[in-house]
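Working notes, beginning with the structure itself.
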Amino acid sequence: MDVDEVPTQDYELIPHRGFGLITGIHDADDVDQIYDLEIRDTDVFVITYPKSGTIWMQQILLLLEAEGDVSSISQAGNNSDLVPWMEVKGTREAFITAPSPRLRVSHLPSRFMPAALSTRKGKVIYVARNPKDVLVSYFHFHKVANMLETPKDFNDFFEKFMTDRVFGGSWFEHVKTWYSHRDHMDMLFITYEEMIQDLSSVVQRISSLLGKDLTEEQLASVVKHSTFNNMKKIPQASYQQVSDDLLNHSQGVFMRKGTVGDWKNHFTVAQSERFDELFLREMQDFPVPFIWDIRDMK
Ligand code: PPS
């Protein structure tokens, strides 16, 4: 079933093997079958904790495949259909029979993903974003997304995120576990903030990972058509065409601010300090730095 065709219903987060699945969107049996899927060398999986740059990466992958020709991808349909979610129910057959390259996105923890990835089959692009901005982006998205419970207020959502009671579970566990697989998977681990800071170099690295040989001009076109302002103008890329059953477009937009440090407009000092303590406890041995403020960018 296409993600756009999910019928209107009440959604609920149901625990399954330590991870919350959303009724109506996910099916536990379908999710369990992902592990045994045969993987091709040309398969590409973008993995993210929610609100970390998934749809940005969908646009970049499609543009790289199209060698920068934006009109060809806009005509092909919605990015969410061209680079679908692995875990959405009923998508298994389409994955098995799809022509190469199969481009997919997923929010799933690594234990659910195809085992073959750990033998360096297929490619993984993991995008991590500083979790304070993730929390803020996710708060706003909960008001837009019908499948996610609308928070009472920011404080209510802050508590839910801090105690892993959101789809995606613990941000810390998601990022650390995926990172721990980087040596036995063909993986590029990048941050959202790197993409904000130097999109050209990130696009170049993705292009190399995929073995592409694009001209300077083609790469420049990929970068140009994946900037925040340009993507916002493309309904197929910015999720403006997702059905009203799934997204309540009157409550906000998918592409909201696209920046670093918006958490400062939402967190109280006390919330920030509590978050910092948790971050330090969980991430003290994590080697990848996060950027928390746009002014810290070179
Ligand atoms: S989801 O629902 O998990 O798929 O959302 P996801 O796509 O991972 O994250 C949405 C946030 O990414 C921002 N975004 C971008 N930022 C900068 N440049 C580009 N091109 C871009 N595309 C998407 C989007 O605006 C969301 O962040 P916030 O902070 O809410 O603006």
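The values are calculated or read from the model by the stated rules, or taken from the named source; none is laboratory data. Remember, it's a predicted structure, so these values are computed and weren't measured experimentally. Reconstructed Cβ throughout: ideal geometry from the backbone, glycine too, with neighbour counts over all protein chains shown. Side chains included, ligands, DNA and RNA excluded: accessible areas come from the protein's heavy atoms. Shrake-Rupley method; radii C 1.70, N 1.55, O 1.52, S 1.80 Å.
A few comments on the model shown:
- Asp293 sits among other residues whose Cβ lies under 12 Å from its own Cβ, and their net charge, with Lys and Arg +1 and Asp and Glu -1, is -1.
- Relative contact order for the range 63-186, counting Cα pairs under 8 Å that sit 6 or more residues apart, in percent: 25
- Computed from the C-beta positions of Asp296 and Asp183, the FRET efficiency with R₀ = 25 Å rounds to 0.30.
- Under the span-like rule (Cα at least 27 Å along the axis, Kyte-Doolittle mean at least 0.5), DSSP H helices of the chain: none
- Of all DSSP beta bridges in the chain, antiparallel share, percent nearest 5: 25
- Close amide-amide hydrogen proximity is noted between His16 and Leu21, each under 5 Å apart and 5 or more residues distant or on a separate chain (H modeled in the peptide plane; Pro and chain starts excluded).
- Sorting 94-101, 122-129 by their mean Cβ neighbour count within 10 Å, with the most densely packed peptide first, gives 122-129, 94-101.
- Rel. contact order, % - alpha carbon contacts under 8 angstrom, at least six apart, the chain: 25
- Charge tally for Leu280 (other residues, Cβ to Cβ under 15 Å; Lys, Arg +1; Asp, Glu -1): -1.
- Per residue, the range 87-197 exposes an accessible area of 36 Å² to a 1.4 Å probe, with every protein chain left in place.
- Pairs of alpha carbons in the range 41-93 whose separation is greater than 15 Å (percent): 50
- The range 16-106: relative contact order in percent, alpha carbon pairs under 8 Å with at least 6 residues between: 42
- For the range 82-182: Kirkwood Rh in Å [reciprocal of mean 1/r, alpha carbons]: 15.5
- Cα-only radius of gyration and Dmax that characterise the chain, units Å: 18.3, 51
- Per-q log10 I(q)/I(0), the range 224-274, q = 0.22, 0.31 Å⁻¹ (Debye; single scatterer per alpha-carbon; no solvent): -0.84, -1.15
- FRET efficiency for the Leu209 to Gln240 pair, using the beta carbon distance and R₀ = 22 Å, is estimated at 0.15.
- Across the cross-link table entries Lys89/Lys232; Lys132/Lys257; Lys89/Lys152, which are compared at the Cα atoms, the separations over 25 Å belong to Lys89/Lys232; Lys89/Lys152.
- Under a 5 Å amide H cut-off, with hydrogens placed 1.01 Å from N, Met147 pairs with nothing among residues at least 5 apart or on other chains.
- What a 1.4 Å probe finds exposed on the chain is 49% carbon and sulfur by accessible area, rounded to a whole percent.
- Here the dipole of the range 229-295 is about 380 debye; that uses its Cα centre as origin and unit charges on the Cβ of Lys and Arg (positive) and Asp and Glu (negative).
- Residues His249 and Ala270, FRET efficiency given R0 of 25 Å [Cβ-Cβ distance, rounded to 0.05]: 0.15
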